[in-house]
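The values are calculated or read from the model by the stated rules, or taken from the named source; none is laboratory data. Small disclaimer: the values here were computed from a predicted structure and weren't measured. Ideal geometry is used to build each Cβ from the backbone, glycine not excepted, and the neighbour counts take in all protein chains shown. Surface accessibility is based on the protein's heavy atoms, side chains included, excluding ligands, DNA and RNA. Shrake-Rupley method; radii C 1.70, N 1.55, O 1.52, S 1.80 Å.
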Amino acid sequence: MTELRAGQPLPESLPDPEAAPAGAAPQKNRGAVRAWQGVFVLILLVFIILLAARLVQTHQTEQRTSGVAPAFTFTTFDGETISLADLSGKGVVLNFWASWCDPCRDEAALLEQTWQQEKEHDIVFLGLDYLDQEPAAKAYLAEFGITYPNGPDLQSAAARRYGIKGVPETFFIDPTGKITDIVIGPIVSMAKMDEYLAKIRP
Amino acid sequence: MIFDIGYLILIAGMVLSAFGIIAGFWGGRTRNTKLVQSSFRAVYAVAALVVAATLLLWYGLLFDHFELNYVWNHSERALPVFYKFSSLWGGQAGSLLFWCFLLSGYSAIVAFANRKRHQVIMPYVNGVMLATSLFFLVLLVFAANPFKRVGFVPPDGQGLNPLLQNYWMVIHPVMLYLGYVGMAVPFAFAVGALMSKKLDNEWVRTVRRWTLVPWMFLSAGIIMGSQWAYMELGWGGYWAWDAVENASFLPWLTGTAFLHSIIIQEQRGILKVWNVVLIWLTYFLVILGTFTTRSGVLESVHSFARSDVGPYFLGFLVIVVFGFMWLLFDRLPLLRSEQPIDSYTSREAAFLANNWLFTAIAFATLWGTFFPMFSEIITGDRISVAAPFFNKVNGPLFLLLLLLMGIGPLLGWRHTSLASFRKQFTFPVIAGLVVALIVFVVARSLYPIIGLGICAFAAATIVQEYVRGVMARRTTNHENVFVAMGQLWNRNGRRYGGYLVHLGIVMISVAVIGNEFYQQTTNATLAPGETVKIAGYELEFAGLESNRQSNLTEYGARVIVYDRNGNAIDTVVPKRNIYDRTPDQPTSEVGLRISPIEDVYVVLNGWENGGATATFTIFINPLTAWLWAGGLVLVLGTIIAAWPHSTRRKTENVPSVVYATGD
Amino acid sequence: MFRQAVGWLIPLLALLLLCGLWFVAPVQAQDATPVAPVATTSQDEVNSVARQLWCPLCSGVRLDACELKACDQMKDVIGQKLSAGEDVQSIKDYFLAQYGPQVLGEPPLEGFNWLAWLLPVAVLIGGGVFVWSRARSMMRKPQPAGMAPGNSPATPAVSDDYNQKLEEELKHYD
């Protein structure tokens, strides 16, 4: 292997023709160049910060901790308008579902049954229909004889605020408006349901 | 046990790379031969270690060692050996190891090939390559350990994702990774040149060849990915502007711009700063692309499962941005331009326009890919940016680029005289107009008229160049046509190979236009014996059959294709594969009849009553076969252009650099 | 003089071509098969509308290619609406109201989303202006050729013996 001798002067290829920059306005140019350099680096920095923000955002929705339940308003399939604010002082069970969602069917009966039991006890069940069509949704509701208020989540506005990743997801909201539990997937055991309800009883 | 050793090997590699980086950068700066030699040895050692680790993981996969988490997650006993082999890159940790495997391989080859040349730059090159390896080794050691254990020995694994169980998914990632990873090499040379202030044309010539090779693999990888999408996904197309597809396309765009603009640097000594920025941008986009496919910041059908590697990538990106920007801004005075441009009608100007367009397309693609993310962070709205956006924004730009591709070679360096204009442009312009007229008459649709006209123009340019070259050789050397062409490739491979690459691009463009604007489609539910008509063909469903493989059942529907005269010209068998492990994730294989004019493309959607009726979607895709042919021509052209010629070595060692000892 | 005229002509032509293509493009997109409302709509007609919509649950999957149950339901609704005589635009508006801009496959022209369309155009034009002005300034300051020894020679640059030979052969032939 041919060796470079240590301390050898750098084999300069050619005398740098630009060694003495032609006089006029190198100072002004330097300022402009520095400005553009700054802009360029700033843009890249902003981009990376946004990427970081996005990473945090996706992480957060995976490990959502309880907090204040985001407000929402919707119109039921029967034409009634309900908003979360109206229900303060009551325990709210908010269920996101869809007619095309198979696991939702596993919990539909339990939800309706619990509603029937609890509606006198200031517990309100709400169903928000996610990315769905009215005819299919109504057919689904009829199939399970669901009577609690259900309506389409238009433009998935509420779904986005609650950060759901899919259906079914159920949020248990206490009378002060805090989320006490988030259940991903169908609720199939009455025991579990009672556990969740216990925390939101007024 | 043995796999714990694998983990230790990775740690050793990590430590050695760190050492090698220091040796390389410090040795390069102080010109300390011992340190420089150490950097070479570190490169070889890290390569050996990573190869060993990769072989270990392959061993685990091929011999069903389900106690390894990775093997359990991505393999099963019944998986064919072919796919056990390819499952190495089927999941997050394994594919990161594969990345590192190829990177350290490239590093070793580059180091070995240049052990006696570029002596001032090579220590830095080694350093940068090792720095990239270090990053991936850190990922492997801390965030995605391929040798993680399950804790007990499961009897069988989960199996490989069904979408990955076909031939294309074996070869496409390999090609793509070879391209992706290889882009670190020219970047390393650029950093080396900047660090050592050795910014003459010597490093440019080396960098060109070391960019062409990964560029070829990247191009091949992208086309193979399109082929997979076309033949497996069954929606009649081959490119969806998905985030991961764009991630592979972005470095291709900047890499292609770079390949063109270093030609101009070699010839005219201008655009030095821009070229260095371009090659850095390519590297940045490679790391960014690797990040986006693995971190979950963008939704994609291709994404790996969510994991913890995101923050590491961001940290590395910050280093890449700030480190390089500091270096560039510091060395900026050394990158002054030497020769001016003389005229707008010169090849230099055409190259400038080429770079302008490529950069604009790259920006638009990057912007469109990340816009949903920006929108969601800033406004909270979810929007989708898919083919309509990219077609509208990039479409016209690509057309303009095609036009430029035809014009460029016809212009002279420095300026083109009016007489030369007339002589060069007459035939191609006529060819373009004729084809545009034909398209206008046959199928009246504005975009194809312009697009195919431009394609004809560009193709005519290339043909004209070849004819002139062959004729010139015949006149002076009296060779016959084939020998003349061979000599053109042999002696002027850069130029005539490059023309072939352009021809490949023209063919691909023709296919894209044909598929985008003239596709016809229909759906049909047929019982055996029933037929459906489309575009002059008649397709008859002849029955459903099933075929048992080791881990799946193949259901195929035999469809007989008749032409307009009633002759049976082909039988295609669209399939649906139901996998034992994941019966709700079937894959499909398209029944395809390919011809240069159009493809008959049949998808089996489903069936009732064991085949009493079957539902099909049928596409007629005109000119789509030219995509694959164009890809082959492109690769051939690149090989011709990059082929090293021993006789040329002498002339390339133009003494612009004086070495202490000659070669 | 010819060169100077061309200097303005080329960017102008490029701009005209781009503008022309951009304005034509939306028209082209609409040219996808218009659907005549009939009493019973065929799957083909449904799919021709579905090709203009995107699955709201997936990322980048066109509605006609999506096999999810939700997408099947959407296609059923398209079929019903077509049978009822609705035109394509009102069907798209309906899904837009139901699901939001995700179904369109491109950012709608409102509010923040204007940025999606405008920024690439701005970069294109800005970049073009920048490159053009730099080229012009380079042309205004010609340096005496051959000033930098060892680099590009004054004659049309060839980097290779063989290329030089080819150039000579071509001159001879021409």
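Restricting B:379, B:365, B:416 to residues that are of a type outside the set (D, E, K, R) and within 21 Å of residue B:288 (Cα to Cα) narrows the list to B:365. Within the range B:327-366, the residues that satisfy the criterion of being facing chain C (nearest Cβ under 7 Å) and assigned to a helix (DSSP H, G or I) are B:349, B:352, B:356, B:359, B:360, B:363, B:364.
Just for helices (runs of 4 or more DSSP H) wholly inside the range C:1-86: which have at least 1 residues that are at pLDDT below 60 and within 21 Å of residue B:445 (Cβ to Cβ)? Can you show your working first?
Values: elements: C:2-30, C:43-50, C:69-83.
Hits in the range C:1-86: C:2-30.
Whether a residue is free of Cβ contacts under 8 Å to residues at least 24 places away in the same chain and among the β-branched types (Val, Ile, Thr) was assessed, and residue B:54 does not pass this test. When residue B:242 is tested against (1) open to solvent by less than 30 Å² (accessible area, probe 1.4 Å); (2) touching a helix residue (DSSP H, G or I) at 6+ places or on another chain (Cβ under 8 Å), only condition (2) is not met. Just to verify a result, which residue in the range A:182-198, among those that are more than 18 Å from residue A:103 (Cβ to Cβ) and charged (D, E, K, R), is surrounded by the most Cβ atoms within 10 Å (Cβ to Cβ)? In this case the residue turns out to be A:195.
Among the residues of the range A:135-160, count how many are within 13 Å of another protein chain (Cβ to nearest Cβ) and more than 24 Å from the chain's Cα centre (by Cα).
So the answer is 5.
For the range B:451-490, filtering for residues that are touching a residue at least 40 places away in the same chain (Cβ under 8 Å), open to solvent by 50 Å² or more (accessible area, probe 1.4 Å) and not hydrophobic (A, V, I, L, M, F, W, C) leaves 1. Checking each residue in the range B:381-394 for being out of contact with any helix residue (DSSP H, G or I) (no Cβ under 6 Å at 6 or more places or on another chain) and open to solvent by 20 Å² or more (accessible area, probe 1.4 Å) picks out B:387, B:388, B:391.
Taking the range B:533-588 and the strands (runs of 3 or more DSSP E) fully enclosed by it, the elements with 1 or more residues that are exposed (fewer than 15 other Cβ atoms within 10 Å of the Cβ) are at B:537-548, B:568-572. Scanning the range C:101-117 for residues that are more than 7 Å from every other protein chain (Cβ to nearest Cβ) and closer than 15 Å to residue B:370 by Cα yields C:114, C:115, C:117.
To keep it simple, each residue is scored yes or no on (1) at pLDDT 90 or above; (2) open to solvent by 80 Å² or more (accessible area, probe 1.4 Å); (3) under 13 Å from the mean Cα position of the chain (by Cα); (4) closer than 26 Å to residue A:151 by Cα.
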{"position": "A:41", "(1), (2), (3), (4)": "no, no, no, no"}
{"position": "A:49", "(1), (2), (3), (4)": "yes, yes, no, no"}
{"position": "A:55", "(1), (2), (3), (4)": "no, no, yes, no"}
{"position": "A:61", "(1), (2), (3), (4)": "no, no, yes, yes"}
{"position": "A:64", "(1), (2), (3), (4)": "no, no, yes, yes"}
{"position": "A:67", "(1), (2), (3), (4)": "no, no, no, yes"}
{"position": "A:72", "(1), (2), (3), (4)": "no, no, no, yes"}
{"position": "A:77", "(1), (2), (3), (4)": "yes, no, no, yes"}
{"position": "A:86", "(1), (2), (3), (4)": "no, yes, no, yes"}
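Scanning the range A:7-25 finds no residues that are in a helix (DSSP H, G or I), modelled with pLDDT under 75 and more than 7 Å from every other protein chain (Cβ to nearest Cβ). Of B:213, B:153, all but one fail to be part of a helix (DSSP H, G or I), open to solvent by 30 Å² or more (accessible area, probe 1.4 Å), more than 14 Å from every other protein chain (Cβ to nearest Cβ) and of a type outside the set (Gly, Ala, Ser); the exception is B:213. Of the residues screened, residue B:451 is one that is of a type in the set (Gly, Ala, Ser), under 19 Å from residue B:401 (Cα atoms) and out of contact with any strand residue (DSSP E or B) (no Cβ under 9 Å at 6 or more places or on another chain). Residues in the range B:278-326 that are among the aliphatic types (A, V, I, L, M), surrounded by fewer than 21 Cβ atoms within 10 Å (Cβ to Cβ) and within 14 Å of chain C (Cβ to nearest Cβ): B:301 only.
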